[in-house]
Structures are given as C-alpha cells and as structure tokens.
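Trainee: Before anything else, here's the structure in question.
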Number of protein chains: 2
Amino acid sequence: METYKKIILPEKEMPASWYNIQADMPNSCLPPLHPGTKKPIGPEDLSAIFPMELIKQEVSKERWIEIPEEVLDIYKIWRPSPVYRAHHLEKLLDTPAKIYYKYEGVSPAGSHKPNTAVPQAYYNMKEGIKRLTTETGAGQWGSALSFACQLFGIELEVYMVKVSYEQKPYRKLMMNTWGAKVFSSPTNKTQAGRKILAGDPDSPGSLGIAISEAVERAATIEGTNYSLGSVLNHVLMHQTIIGEEAIKQMQMTGDFPDIVIGCFGGGSNFGGISFPFLRLNFTEGKNIRCIAAEPASCPKLTKGDFRYDFGDTVGLTPLIPMYTLGHTFVPAPIHAGGLRYHGAGAIVSQLLKDKLIEAQAFHQLECFDAGVKFARTEGIIPAPESTHAIACAVKEALKAKEEGTPKTILFNLSGHGFFDMSSYEAYFSGNLVEHHLTEEELHADLKKLDTPLAV
Amino acid sequence: METYKKIILPEKEMPASWYNIQADMPNSCLPPLHPGTKKPIGPEDLSAIFPMELIKQEVSKERWIEIPEEVLDIYKIWRPSPVYRAHHLEKLLDTPAKIYYKYEGVSPAGSHKPNTAVPQAYYNMKEGIKRLTTETGAGQWGSALSFACQLFGIELEVYMVKVSYEQKPYRKLMMNTWGAKVFSSPTNKTQAGRKILAGDPDSPGSLGIAISEAVERAATIEGTNYSLGSVLNHVLMHQTIIGEEAIKQMQMTGDFPDIVIGCFGGGSNFGGISFPFLRLNFTEGKNIRCIAAEPASCPKLTKGDFRYDFGDTVGLTPLIPMYTLGHTFVPAPIHAGGLRYHGAGAIVSQLLKDKLIEAQAFHQLECFDAGVKFARTEGIIPAPESTHAIACAVKEALKAKEEGTPKTILFNLSGHGFFDMSSYEAYFSGNLVEHHLTEEELHADLKKLDTPLAV
C-alpha cells in the first residue's frame, strides 16, 4: 500500500554525462547569424561574453559530454532528484493512465535552473572569469545563478526587470543571501539603461532591456562574462540530466512512458526532460510522444513562425532559427513569468519543424486548476510554470480514459511555488485574467520582422 | 572529492517505530494537572479534544510505538531526509570539528512539522473526526497540518495570530492551497475571540488567544478535535524519526556525533533530533552532549523556573511541569517566530532538571550571521528558527578549534527560509533589533504565578 513512494536513483547511478541531442538530430539546426552582417557567426564572435568550453558545447556534435567532477559534487546536494507516481491524482481523474512526475523543486534554488547554472559558473571560473552578469524576470534563473556563483566564488550582477524587482522582493533577497548584487533594470549603470531612462524615467523595464544591460556590462568590463538560463543549445544540454535520470528511474518501476511532458518558455525545462527520451526514439526505434506545454498567451510553438529572429527585444544578440512571435512581442502579464518569452531555442524549433515533438497551448486558468488539484492530491505546491505540464498531463490522462487506453505519462515538475503564492491568491480570489490573443495581435510583431527566413 | 555529498538512508531502512523516551527517563515527568482542581488529569479530561490513541501515546511507557502503514506511506513523499557533512562551513571556520546536519526542509511544507501533523491527522481520521482546529503563529505548523489534513480528507480551521496573518500572507495562501480555512485571530466565531474584540476591536492577537479560539471550537463542535504542533509528549515522540534516521546515517559515515543540537521553541525540533541519541546515552552508556539552542529573548531553559504553568496565555490548558518564563510572558518580536513560546514541554524540562541535556541561548544577530555563512558555504537558506542550531554548531566548532579537539557535531536544520526572506532583509539592512532582557523583565511574569511548584 505504498501510494506516495518515491523512485530514488542511487547516487552512484547518477549519469556522469549530459546528452547532446545535436549528435542524433536527423536535420541539424541552421547556424546562428551575426546581427549586423547576417552571416553565420564563429566562436570568436561569442568569446567576448562566453567561456570557450561553453562555445564548444554550443556547436558540439559529440553525443555525450562528460560532467566535470566539481559539478557532479554540487549536483549531489539535491540530485538525483526523485520520480513519483501520482496515484492520488490518477484516482481523482479516474483514469486508466499511469501518471509519473520528476520533481526538480528539491534544488536549493527550488527549480531545475541550477542544473545549468552550476556548470556555467564552473566553466567561467575555470577560465579565470571573476564576474558574471545576467538578467532575470520572474527570478528563478537569477536565484539559481546566484547560488552557483556563490559556491565558485564568482561575483554576480543580476539585472532584474523593474516590475518584478518591485513585485517579488523575496526573490531579490534570496539572491542577496547568496551574495549577488541585484539591480532594478533599467539602471544608470549602462548606456542601454541610460538611453531607456532618458526616454522614460518611469520605464517598468522588460526582459529585453535587462538582457541588453547584462550583455553590455559583460562585453565592456574586464574579466566579466554573461550567462543565459535557457534557449541556447548548451543550456538545454545541461538540463538533460533530468531525463537521463528519469529513464533509469522509469526502468526501476517496470513502466515506461508513452508520453513525456515539459512546460515551455525558452526550452530548458522541456529539453531537459524530453531530449533523453528522444534519444531512445532516434537510436532505439521507440515512439515516445514528447509534448511541450506552452501558455496560450505566448504561443510561439503552436502559432508562431519558424524563421530567424533575435533572442532579445533590442536586437543585439545573434539571429537564431526559431519558432517566434517576433522579438518585439509582449506577452500578457500571466503568472507563469518564466514562460513569457517570444521564441524557442534552435534545437526545439528544428525538432518541431521536423515533427519529432509536439506542442500544446494551455490557458492559465486551466493550469492553476490542475496545479491546485495536484497540490491537494499529491501534496506538493507547484510553480505556475510547472502547472502547464500538469494541465497537459491531466488532458492526456483524460484522453486515455475516454479512449480506454492505459497510457503511461511522465511530466517534469520543474519547481515549487513557494515564491508564487500571490499567483495562487489571484486564482483563489477569481482575479486571474485570461487573455485571448486575437489573430491581429498574434501577427503584428511577426509582420515587423525584416530578418531572413529560415526556409 | 565529494564535498557536498548527501548521506542517504535507503527507504527500506526507514525506522518503522517512533522512540518513546518516557520508557528510559531516569525520572518520569510529573503528571499534568487540571487547570481548575489542580489534581492530576486523566484520559477522560483530554478526550473532548484529542483522539484516544494520542492520549494513550501521551502517557505511554512503551519504548517503541509502531508507525502506522498509512503514515509511513505519506512520510515517504520526503523521508528519509538527507544528512550532509558541512565541509565548506568547516573550512570557513578553519575548525578540526566535523559538522554534520540533518535537513528537514525537504518536506512539502518545508519544515519538520509534517512528521507529527501526518500521524495526528491520521489518528483523528481513524477515530471518525471530520474537522480539526489549530492555531499558528509564524505559519510552519499551520501549513504542515493543512497539508496532512488535505491528504486524509479532514477539514481544518486555522486560527492565525492577526499580526502574522497580515504580515505573512503567503503562509496563509499555502494553507488555502491545501484546502484549509484560515482565520485572523481574534475572530467573531468564538466566545473567547468576541470577548477580546469587545475589549479591543484592534487587538493584534496572540498565540494564547488563538489557542483559546481553536480549543473552544474543538470542544464545542460535534466531530471536531484540536491539534497542537509542539510541547506535548506525543508530538515530540512523532519527531523522533528524525534522530532515529540520523543514527543510521551517522553509522554509514564512520563518524559519530559527540554533540547533537536542535533549536528550541516548545521542543519538537530539539526532541526529534536528540531523544534517539539520548536513548544511546541511557541504554548503551554513550555520553553524547545534547544541546537545545534557544533565543536569548525567550530564554525559558537557561533563565526560566522549573514549575507548573499553563500551556496558553489565558490559562485554559492543563498545568504542565515546565521550565517557564510565566504564561503571560510576551517575548520580543524576534524573527524566529516559531521559538517565541514561554515554556518547554514536560519531558525536555525534566531532562534539563536532571542535567541530562544542556541549553544555550543565542541572540538573533549571531543567528542570522551564522545562517548567512551557512547559506553561502553549503547552499541552503535556513529558516530563522534553524539558524539558532547553526549558531550553536558554529560556537561548538570554534570551541573545538580553540581546544584542539576534533569533535563531531550534528545539528538539525529543521526548515528552509523561503517564507522568511523579509527577515533576511532586516538582517542585511542592519534593522535587526536585539532585545536584551533585563532581570526585572525576566522575572515579572514568573512573580505573577500562583500555580503549584513542581518541587
């Protein structure tokens, strides 16, 4: 009668390598282009702000990249993370489907983000970098990098979108506790910030502006690099430890997933859980459905165009081949702040174009509804981002019930919701506003693009 | 080179019984007395608000009490909890001491409190109880009981001290997410609350008032019981799973603690980690020092009297033989809200009187200083309550350095600080007020007592 039992991977069986899906993709990603020349960029273009090891990983075709011993050491603070079977949620849904979830909220920062923050801080430290800069919106990424930098003795400057800085003081304090300096962006510290403030002294900031500030600081200060928490190939690769562990854990259960689900912002969460299962599709002839669950208010995968676009709002980053809503698209202020990004990383975009993965969009009301059902049956309060994966799992489990097929579903519960209780308040009080995008709103920013198409 | 390695107890070795220290104490606790007659109370006096199984456990002399299967099932959501060695903190302190810690923040409610919330909800459910009531101050206990009641389908009313209700909205929302009803106490729902409000409509509330409201509701509504999160014997016993696990984990390391430390409010945290080690002192002739770390602003163990006193401010509960500052003592508003209680439970008090345990008091500034050192070396942000145990471990580690003795220290890291970041803000901004109690303040409330002395 073990209904809440964890499936624990012994520490000695923790994967010692990340899986690089670029080794197995039927079609490689198109190269990133220089924002000025629109020619493919080389390593030297990135070396001003990234360490060489990460630049190498970004374009590597090696299937396995060894995880450094120092990174494994820190991973072991919380890894291997548990897999659970959601018996009580299954019962509530009265479904023949088996629902499993991998729980990444056990990390000290409370989400999957430290899986890449730790190696990024490590490689920068190894290459003599004394300071990193980054941006953060909702705060999960900034917290994770603060934690990682503190352990490797690296200074960190976090440019936090002003509106979040003011609304989420606890996330800022968490970063401070780990020694990071957090600035309300736009700041007076950068040209980019000063320019914005000159135009609008009361600017609420945006992720695009914060990226510009962090990149400018990294490019102009000696011994300083920049770090990003999603979208890029090496970032998604660091997250594959999630799925590689999950494969071993699912083998321990005697079940194996027919469907694997991750929520989708820039791709680090979805890529982390799904790429290792896609490996089995590619190399062992399996046919596992991998579903990216994105917010209906920011539907780049289900409604965007596949084409070259910038990673930031201002247009300073390389052009990436991506499913995008246009880099000037401003998503509605939904409560899953970590999913409010206009585009998808290059790998996920190529996989979707090649129909090797699926995407589904969910409205936030059904996500919170699924999240509260989950908290009340399984006992863990999920982050608003993670509720998108739960909503997708619920939908697939109910479909299995309708069809009478006993599917096995695995989703990634990427973080806990302890810093997001005000979002639950909005849900309970009936104040969650659902924004239904019109066709016009959807295409307005895409129409502005003059970047080359990918196809 | 494994410096952050967890010591993980395999699930199948999880203890199947709680340890009841009442079987081994050289001197038994004196009996609780009826608040009116001041005669020893019997089971029937408690049966109006507690289930019979918990009343039996309260006075049992059996050494081991079997943990029900249904409780073990839920424990396995997060148990066994990890033990870590704090290599990096040791290095920072440059101490020959080995510092280990048991981490209870991995529970869904973020502290050790679910260890007793789950069995309390279970036994009430088994005896047909449909509704529980409780009080909460800082919110850790209310959250834990909300979680437990939700899983057993029991309704829960939480009377939350008004000042906390207003200052800690996220804790309230956490309880709501788990389905509990949370009321700002004093309320209009009880005679006790109405009486207070008639006298002072703007009363900020107190733990004492909240207890009165919760007890009154339980005593007057059919099918409703009351639940307490510390102080009582059965509550501390449920927490012994912490120390019983830790003994097995320490045996896995090849080291064994000379010193065991827990922070001290009512005793559930300290009792949970230390009673099993005291078992080894009692039954195997070991000589492990067990230290309760209390706040200097609420120093019942180091400066209180040992005598009979009430568990609540209003004087409705039985009289308990305890180290107390007087039940009307109002501690300064320190940030470790969970430690602001005037007295110690009967067992801990008897052990201290018999010099079988030690107590030390710490000011909150040194506690936060130790907590931030810990977060920056070991990566986990501790609850303000838990920083008292860290401060004590740091003190003992520095003493070991001074004396050149390589002691092994184990402390209980009872919870994370994610809901307490505003306290860290007060610390970082230099706004933590240190309250130094005068001798007069210390004895004022004790002088008011007319209850029988214990000796």
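Trainee: With respect to the numbered conditions (1) within 18 Å of B:G137 (Cβ to Cβ); (2) modelled with pLDDT of 95 or more; (3) more than 14 Å from the chain's Cα centre (by Cα), which one is the sole condition not fulfilled by B:D354?
Mentor: Of the numbered conditions (1) within 18 Å of B:G137 (Cβ to Cβ); (2) modelled with pLDDT of 95 or more; (3) more than 14 Å from the chain's Cα centre (by Cα), the odd one out for B:D354 is (1).
Trainee: Sort out which residues of segment B:378-403 are among the charged types (D, E, K, R), under 12 Å from B:E90 (Cα atoms) and crowded, with 24+ Cβ neighbours inside 10 Å, and write them in order of number.
Mentor: B:E378
Trainee: Now for a different question. So how many residues does segment A:146-187 have that are modelled with pLDDT under 95, in a loop (DSSP other than H, G, I, E, B) and either within 12 Å of another protein chain (Cβ to nearest Cβ) or in contact with a Cys (Cβ under 8 Å, 6 or more places away or on another chain) (or both)?
Mentor: 1
Trainee: Could you list, in sequence order, the residues of segment A:312-347 that are of a type in the set (A, V, I, L, M) and closer than 26 Å to A:G417 by Cα?
Mentor: Those that are of a type in the set (A, V, I, L, M) and closer than 26 Å to A:G417 by Cα: A:V330, A:A332, A:I334, A:A336, A:L339, A:A344.
Trainee: Next up: Output the number of the condition that A:L92 fails; it satisfies all remaining conditions of (1) within 14 Å of chain B (Cβ to nearest Cβ); (2) touching a strand residue (DSSP E or B) at 6+ places or on another chain (Cβ under 7 Å); (3) of a type in the set (A, V, I, L, M).
Mentor: Going through (1) within 14 Å of chain B (Cβ to nearest Cβ); (2) touching a strand residue (DSSP E or B) at 6+ places or on another chain (Cβ under 7 Å); (3) of a type in the set (A, V, I, L, M) one by one, A:L92 breaks only (2).
Trainee: Could you please find all residues in segment A:1-55 being open to solvent by 30 Å² or more (accessible area, probe 1.4 Å), within 14 Å of chain B (Cβ to nearest Cβ) and touching a Leu at 6+ places or on another chain (Cβ under 9 Å)?
Mentor: The answer is A:E2, A:A16.
Trainee: So, one more: So which residues in segment A:2-22 are of a type in the set (A, V, I, L, M) and in contact with an Asp or Glu (Cβ under 6 Å, 6 or more places away or on another chain), if there are any at all?
Mentor: Across segment A:2-22, the qualifying residue is only A:L9.
Trainee: Looking for something out of contact with any helix residue (DSSP H, G or I) (no Cβ under 9 Å at 6 or more places or on another chain) and in contact (Cβ under 8 Å) with a residue 60 or more places away in the chain - is there at least one such residue anywhere in segment A:362-380?
Mentor: Checked against the condition, which is being out of contact with any helix residue (DSSP H, G or I) (no Cβ under 9 Å at 6 or more places or on another chain) and in contact (Cβ under 8 Å) with a residue 60 or more places away in the chain, segment A:362-380 yields no hits at all.
Trainee: Still on this structure, please answer the following. Determine whether B:L301 is open to solvent by less than 30 Å² (accessible area, probe 1.4 Å), under 25 Å from B:D445 (Cβ atoms), of a type in the set (A, V, I, L, M) and touching a helix residue (DSSP H, G or I) at 6+ places or on another chain (Cβ under 8 Å).
Mentor: yes
Trainee: Continuing with this model, one more query. From the list B:K399, B:K395, B:K448, pick out the single residue that is over 21 Å from B:S164 (Cα atoms), over 26 Å from the mean Cα position of the chain (by Cα) and at pLDDT 95 or above.
Mentor: Going through B:K399, B:K395, B:K448 in turn, the sole match is B:K399.
Trainee: Can I ask one more? Contact list please: Cβ distance under 8 Å, first residue in segment A:106-128 and more than 10 Å from A:A148 (Cβ to Cβ), second residue of a type in the set (A, V, I, L, M, F, W, C) and open to solvent by 20 Å² or more (accessible area, probe 1.4 Å), pairs at least six apart or on different chains.
Mentor: Going by the 8 Å Cβ cut-off, the qualifying pairs are A:V106/B:V106; A:E127/A:M52.
Trainee: Right, another one. In segment B:234-274, what residues are on the phi > 0 side of the Ramachandran plot, touching a residue at least 40 places away in the same chain (Cβ under 8 Å) and open to solvent by 10 Å² or more (accessible area, probe 1.4 Å)?
Mentor: Matches in segment B:234-274: none.
Trainee: Sticking with this structure for a sec: If A:E155 meets every condition in (1) surrounded by fewer than 24 Cβ atoms within 10 Å (Cβ to Cβ); (2) in contact (Cβ under 8 Å) with a residue 60 or more places away in the chain apart from one, which number is that one?
Mentor: Among (1) surrounded by fewer than 24 Cβ atoms within 10 Å (Cβ to Cβ); (2) in contact (Cβ under 8 Å) with a residue 60 or more places away in the chain, A:E155 violates only (2).
Trainee: Going by the structure shown, is A:L442 more than 14 Å from every other protein chain (Cβ to nearest Cβ), surrounded by 15 or more Cβ atoms within 10 Å (Cβ to Cβ), out of contact with any Ser or Thr (no Cβ under 6 Å at 6 or more places or on another chain) and part of a helix (DSSP H, G or I)?
Mentor: yes
Trainee: Return the residues of segment B:275-295 that are under 27 Å from B:L325 (Cβ atoms) and open to solvent by 20 Å² or more (accessible area, probe 1.4 Å); say none if nothing qualifies.
Mentor: B:R289
Trainee: From the set of residues in segment A:115-140 that are open to solvent by less than 20 Å² (accessible area, probe 1.4 Å) and in contact with a Lys or Arg (Cβ under 6 Å, 6 or more places away or on another chain), which is farthest from the other protein chains (Cβ to nearest Cβ)?
Mentor: If we take residues in segment A:115-140 being open to solvent by less than 20 Å² (accessible area, probe 1.4 Å) and in contact with a Lys or Arg (Cβ under 6 Å, 6 or more places away or on another chain), then A:T133 is farthest from the other protein chains (Cβ to nearest Cβ).
Trainee: A follow-up question, please. Examine segment A:193-214 for a residue that is under 24 Å from the mean Cα position of the chain (by Cα), in a loop (DSSP other than H, G, I, E, B) and modelled with pLDDT of 90 or more, and state whether such a residue exists.
Mentor: No, segment A:193-214 contains no residue that is under 24 Å from the mean Cα position of the chain (by Cα), in a loop (DSSP other than H, G, I, E, B) and modelled with pLDDT of 90 or more.
Trainee: May I pose another question? For segment B:94-114, what are the residues that are hydroxyl-bearing (S, T, Y) and either in a strand (DSSP E or B) or open to solvent by 10 Å² or more (accessible area, probe 1.4 Å) (or both)?
Mentor: B:T95, B:Y100, B:Y101, B:Y103, B:S111, listed by residue number.
Trainee: How many residues does segment A:336-351 contain that are farther than 17 Å from A:G311 by Cβ and at pLDDT 85 or above?
Mentor: Number of matching residues: 1.
Trainee: Give me the residue from segment B:56-74 that is in a helix (DSSP H, G or I) and acidic (D, E) and, out of that set, farthest from the other protein chains (Cβ to nearest Cβ).
Mentor: B:E58
Trainee: Here's another thing I want to ask about it. Which pairs turn up if I take residues in segment A:405-423 that are within 9 Å of another protein chain (Cβ to nearest Cβ) and on the phi < 0 side of the Ramachandran plot and look for partners that are charged (D, E, K, R) and open to solvent by less than 10 Å² (accessible area, probe 1.4 Å) with beta carbon separation below 6 Å, at least 6 apart in sequence or on another chain?
Mentor: Matching pairs, first to second residue: A:F419/A:R171.
Matching residues to (1) more than 26 Å from A:G105 (Cβ to Cβ); (2) buried (at least 24 other Cβ atoms within 10 Å of the Cβ):
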{"position": "A:Q364", "(1), (2)": "no, yes"}
{"position": "A:G371", "(1), (2)": "no, yes"}
{"position": "A:R376", "(1), (2)": "no, no"}
{"position": "A:T405", "(1), (2)": "yes, no"}
{"position": "A:G415", "(1), (2)": "no, yes"}
{"position": "A:D420", "(1), (2)": "no, yes"}
{"position": "A:S429", "(1), (2)": "no, no"}
{"position": "A:L432", "(1), (2)": "no, no"}
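Trainee: With (1) part of a helix (DSSP H, G or I); (2) over 25 Å from B:K395 (Cβ atoms) as the list, and B:N225 as the residue in question, which single condition is left unmet?
Mentor: Here B:N225 clears every test but (1).
Trainee: Restrict the check to segment A:305-312 and report whether at least one residue is farther than 24 Å from A:A393 by Cβ, of a type in the set (D, E) and out of contact with any strand residue (DSSP E or B) (no Cβ under 7 Å at 6 or more places or on another chain).
Mentor: The answer is yes, given that some residue of segment A:305-312 is farther than 24 Å from A:A393 by Cβ, of a type in the set (D, E) and out of contact with any strand residue (DSSP E or B) (no Cβ under 7 Å at 6 or more places or on another chain).
The values are calculated or read from the model by the stated rules, or taken from the named source; none is laboratory data. Since the structure is predicted, the reported quantities are computational estimates derived from the model, not experimental observations. A quick note on method: Cβ atoms are made from the backbone with ideal geometry, for glycine too, and the neighbour counts reach across all protein chains shown. SASA here: full protein model, heavy atoms, side chains in, ligands and nucleic acids out. Shrake-Rupley method; radii C 1.70, N 1.55, O 1.52, S 1.80 Å.
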